[in-house]
Amino acid sequence: MAPISITSVLISESVDPRCRAILEENGIRVTEKQNMKKDELIAEIKNYDGLVVRSATKVTADVINAADNLKIIGRAGTGVDNVDVDAATKKGVIVMNTPSGNTISAAELTCSMVINLSRNVPQANISMKQGNWDRKKFMGAELLGKVLGIVGLGRIGKEVATRMQSFGMRTIGYDPITPPEVSATWGVEQMSLEQLWPQCDYITVHTPLLPSTVGLLNDESFAKCKKGVKVVNCARGGIIDEAALLRALESGQCGGAGLDVFVEEPPKDRSLVEHPNVISCPHLGASTKEAQARCGEDIALQMVDMVKGKQLVGAVNAQVLVSTFCKESQPLMKLGEAMGAVLRSCVASQKPISSVQITTQGDGMKSSTSYVTSSVLVGLLNQEGGSCHNLINVISLAKESGITITQSHCVADGAASGVCKVEIVAGGCSYAAGGAVQGGVPVLLKLNNSVYRQPVSLAGHLLLFKASANPQLLSSVAGALATKGVEIESFSAPADRTGDQWFSVRLSSPLTDLDALKPAVKEAAQLTI
Ligand code: 9EZ
């Protein structure tokens, strides 16, 4: 797999200057062009292999499909709401964000919402500016001793908890991933949502927006809360159901809400914003100098670290690439790609592939099956010249073209341990290869029922041919090659001598015309690895 190289990046909006500086320090050409119209961006994007955006640039499928050289889209911020991740994945483009740069800013805004809800400061401020002096209307309550429910205990939830503990709040919470022992070390007692709702004086949500978190607070959960509960959403619009919140505010079941995010931004329906017990902001969670600087710097550093092969952080559609950063997995990925290429060369190119079955064997391969599968498919599907399949898109493109992919792992010991088998069906014919990594080198052990006496090193110019074993075979093949000025570097014969067998030959250079072998062999294929 060719390493990802990034030489030119377009920054299409205002991103902290450290972003440009870091990219340039690492030899990447940077162009900043702000306020481009969609058509201008579509015309411009062709010239770059990287794009950095914040929130304003809408990276739609149209933009991505016009970007023939694009390899990565980096978002200086948390989440990728303005990027069509599916379109990027299909195009083989990595999408990356900066998951941690906004943490403190989001947590601090959340805490300010809780504190402001307790004392009605925003409402009192409006009243003062209107010339009033109303002391009765804005009676509040202390936070000391009150219960804060934190739904979602990732980075932001944790920072909210530790800050509000300093006001004497008791912090309870729920998260499906963070273990209770871990959250307990930062003073958050975990419990089920059923147990949590009735205990809270305040609830704040810090989850991603997922089908499971849309409307996490709805009519049903509000009904389980204490009357007058105050709620905060500085995470994503819709985690608190907007219609249910309005009903709860009107009935008094909800005593106040602090909202930084909305289902529709800006919200056309202003009924929540205008409610006297709602305080709100126009999505300001990440709007601090520090968060912007951190995200700008983070996205540049993450892109540089990825290109240098140091580490992969913040990628949202490239889980399989993590294995390319791990020394142990690289020979296995090379093996997969080489086996895919071997089978590709054996299948007449006009035959469509209908199924691919990959089996890894033995303990050492247990966690390798998925990236070996992707690597096999890259080798199998990449036509010479137009190489549009990569580790990011190969699974979705293969499935889209109707290929059934089956991957499995089985226990094995002895010789079968560490072996990878690939079986494909193309044009109704079956082809199979078995290979392994031996001494750090990918080798072919078996091709279409022919088992080699010695493993065939999967490197250099390989000629594969089908013939029935006979004493003249090697000399007639060598003779045919010699007429084209090609030498045999090594020759691998199958152990079985009966019937048609697949032989493997390493050549000094590729043969320009396989027909030169015609009288001596029944089928021939060649490839360069
Ligand atoms: C869901 C979640 C938190 C949550 C948090 C994360 C995937 N996921 N789901 C429901 N990271 C609280 C309630």
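The values are calculated or read from the model by the stated rules, or taken from the named source; none is laboratory data. For clarity, every value in this text was computed on a predicted model and none was experimentally measured. Note that we place each Cβ from the backbone using ideal geometry, even for glycine, and neighbour counts take in every protein chain shown. To get the accessible areas, we keep the full protein, side chains included, count just its heavy atoms, and leave off ligands, DNA and RNA. Shrake-Rupley method; radii C 1.70, N 1.55, O 1.52, S 1.80 Å.
Dividing the Cα radius of gyration of the range 93-229 by 2.2 N^0.38 Å, with N the residue count, gives 1.17. Across Asp68, Asp513, the residue with the most accessible area heads the list, and the full order at a 1.4 Å probe is Asp68, Asp513.
Summed over the residues of the range 308-391 and divided among them, the accessible surface reaches 44 Å² per residue at a probe radius of 1.4 Å. Solvent exposure of the range 76-183 amounts to 48 Å² per residue of accessible area, where only protein heavy atoms count and the probe is 1.4 Å.
Restricting the calculation to Cα atoms, the range 455-497 yields a radius of gyration followed by a Dmax of 11.1, 30 Å.
Long hydrophobic helices in the chain, taken as whole DSSP H segments with a C-alpha length of 20 Å or more on their own axis and mean Kyte-Doolittle hydropathy at least -0.5: 103-119, 289-307, 329-346.
Using C-alpha pairs below 8 Å separated by at least 6 residues, the relative contact order for the range 418-529 is 27 percent. Here the range 267-313 and the range 388-403 have alpha carbon centers that stand 32 Å from each other. Restricting the range 161-233 to trypsin sites (Lys or Arg not before Pro) that sit in a DSSP loop and have at most 12 other Cβ atoms within 10 Å of their own Cβ leaves Lys227.
Its residues counted as N, the range 1-111 yields a C-alpha radius of gyration over 2.2 N^0.38 Å of 1.07. Over the residues of the chain, the helix contribution to mean residue ellipticity at 222 nm works out to -9000 deg cm²/dmol, using -39500 (n - 2.57) for each DSSP H run of at least 4. P(r) tail, the chain: Cα-Cα pairs separated by more than 34 Å, 54% of all pairs. Quantify, in whole percent, the carbon and sulfur part of the accessible surface of the chain (1.4 Å probe; protein heavy atoms only). Answer for the chain is 53 percent, counting heavy atoms of protein chains only. Working from Cα pairs under 8 Å separated by at least six residues, relative contact order for the range 1-112 is 23 percent.
To make sure I understand the rule: partners must be aspartates and glutamates, Cα under 18 Å from the Cα of Lys484, and not fewer than 8 residues away in the same chain. Which ones qualify? Once the sequence-local aspartates and glutamates are set aside, what remains near Lys484 is Asp513, Asp515. In the context of the full protein assembly, Arg75 retains an accessible surface of approximately 30 Å², using a probe radius of 1.4 Å and ignoring ligands and nucleic acids. Taking every C-alpha pair closer than 8 Å and separated by at least 6 residues, the mean separation divided by the residue count of the chain gives a relative contact order of 11 percent.
Annotation for Ser166 and Lys522: the two label points, set 7 Å from Cα along the Cα-Cβ direction, are 8.0 nm apart. Over the range 99-156, the Kirkwood radius and the radius of gyration, each from Cα atoms, give a ratio Rg/Rh of 1.11. For the pair Gln130 and Glu328, the difference between a 0.36 nm per residue extended length and the Cα-Cα distance amounts to 64.4 nm. Per-residue SASA remark: Asp515, around 90 Å² accessible (1.4 Å probe; ligands, DNA and RNA not included). The count of lysine pairs in the range 46-191 whose Cα atoms are under 22 Å apart, excluding pairs fewer than 8 places apart on the same chain, comes to 12. The GluC sites (Glu not before Pro) found in the range 113-209 that occupy coil by DSSP, while having at most 12 further C-beta atoms within 10 Å, are Glu142.
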